[in-house]
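The values are calculated or read from the model by the stated rules, or taken from the named source; none is laboratory data. All values reported here derive from a predicted model rather than from experimental measurement. Backbone-built Cβ (ideal geometry, glycine too); neighbour counts: all protein chains shown. SASA here: full protein model, heavy atoms, side chains in, ligands and nucleic acids out. Shrake-Rupley method; radii C 1.70, N 1.55, O 1.52, S 1.80 Å.
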Amino acid sequence: MEYFNNIIETIGNTPLVRLNKVNDTSALILAKVETFNPGHSIKDRMALKMIEDAERDGKLMPGGTIIEGTSGNTGMGLALAAIQKGYKCIFVLADKQSKEKMDVLRAVGAEIRVCPTDVDPEDPRSYYSVSKRLSTEIPNSWYVNQYDNPSNTIAHYESTGPEIWRQTSGKITHLVVGVGTGGTISGTAKYLKEQNPQIKIWGIDTYGSVFKKYHETGVFDENEIYSYITEGIGEDILPKNVDFSIIDRFEKVTDKDGAIMARRLSREEGIMVGYSAGSAVAGINQLKCHLNENDIVVVIFHDHGTRYVGKIFNDEWMKDQNFI
Ligand code: PMP
């Protein structure tokens, strides 16, 4: 018989799929389709790793409560692992997150707290502040803090990086990743650059986020910060998990271009994935003058499109944003 002992054993070993219709470049573009994970996103990998490291370090005790500020995907990964391991989850989300994402987390047993999006990270109402406060108030609780938790990056160094190296037989020339906490790009890039330092690492950023300017100038410019519609990538803080030294360039993609490309991926490739996957492919096409027919580009598709049915896959919503 061939079976897994529980759902979390199915995490990882996701396929690489060639993009055919949406590729405007001369390179081969291969998508690492992370929707094949049981929680339908790449975040299952780091969620499990963060929990297991916290157990090992004595930060998470039997029957404990896991607290995290999460845009949904990390929450799903944490919830699946928590079910197997007997923990309770409380997740704090910004109100710009889609309602579907919140309902899905409730479906796997988590308690949800919603916070305003348009407040400073230091504001007591921000989801950073609320997560921290809850972890001091609730006994036997552990604040995951995916932004600064090193296990986030290590998960991708141990699993995502080696998988891509093996699946491309070491032929990858470019890795393209939407950047939020930075765990995916930093861990995957560290492994790949150790194998071949020539591999180029491109981070995808949003307008309204501080990453690109900070990477190019070393200046944290608050004037770059404004609220934007793209979900999952870009930040108004500098998470410890973003290793700026390993990233060769950042490319910003507009809310509109990311949304339109996510819809094209569904309709033209049959790959129904989320907003940041659209942004990543739009970013590659923007950079096509830096690619040639010998290049092999791997792009990470972080999460599933079903989480955005009320938004980018809804024509009325797209019209309201003036995107179509
Ligand atoms: N895309 C989506 C949909 C995400 O939820 C996230 C996580 N915030 C990212 C991309 C970015 O991944 P990371 O946090 O590892 O930088």
> Are there any pairs, at least 6 apart or on different chains, whose C-beta atoms fall under 8 Å, with the first in region 50-62 and more than 20 Å from Gly187 (Cα to Cα) and the second assigned to a loop (DSSP other than H, G, I, E, B) and open to solvent by less than 60 Å² (accessible area, probe 1.4 Å), and if so, which?
Replying inline: Leu60/Tyr87; Pro62/Gly86
>> Take the residues in region 48-82 that are closer than 19 Å to Ser276 by Cβ and among the small types (Gly, Ala, Ser); name whichever of them is nearest to the ligand (Cβ to nearest atom).
In response: Ser71
> In region 277-303, which residue that is polar (S, T, N, Q), open to solvent by 10 Å² or more (accessible area, probe 1.4 Å) and farther than 15 Å from Asn20 by Cβ is nearest to the ligand (Cβ to nearest atom)?
Replying inline: Gln286
>> For region 304-321, which positions are open to solvent by 30 Å² or more (accessible area, probe 1.4 Å) and aliphatic (A, V, I, L, M)?
In response: Val309
>> Taking the condition of being assigned to a helix (DSSP H, G or I), open to solvent by 20 Å² or more (accessible area, probe 1.4 Å) and away from the ligand (no atom under 16 Å from the Cβ), how many residues in region 127-184 meet it?
In response: 10
>> Go through (1) under 20 Å from Ala280 (Cβ atoms); (2) within 13 Å of the ligand (Cβ to nearest atom) for Ile237 and report which single condition fails.
In response: (1)
>> Could you list, ordered by first residue, the pairs with Cβ atoms under 6 Å in which the first is in region 222-245 and over 21 Å from Ile154 (Cβ atoms) and the second is part of a helix (DSSP H, G or I) and open to solvent by 50 Å² or more (accessible area, probe 1.4 Å), at least 6 apart or interchain?
In response: Glu224/Lys213
> Which of the residues spanning region 266-276 are in contact (Cβ under 8 Å) with a residue 60 or more places away in the chain, assigned to a helix (DSSP H, G or I) and within 13 Å of the ligand (Cβ to nearest atom)?
Replying inline: Ser276
>> Suppose we filter region 187-234 for residues that are open to solvent by less than 10 Å² (accessible area, probe 1.4 Å), of a type in the set (Gly, Ala, Ser) and either away from the ligand (no atom under 13 Å from the Cβ) or not in a helix (DSSP H, G or I) (or both); how many remain?
In response: 4
>> I'd like the residue in region 247-265 that is open to solvent by 20 Å² or more (accessible area, probe 1.4 Å) and part of a helix (DSSP H, G or I) and, out of all such residues, is nearest to the ligand (Cβ to nearest atom).
In response: Asp255
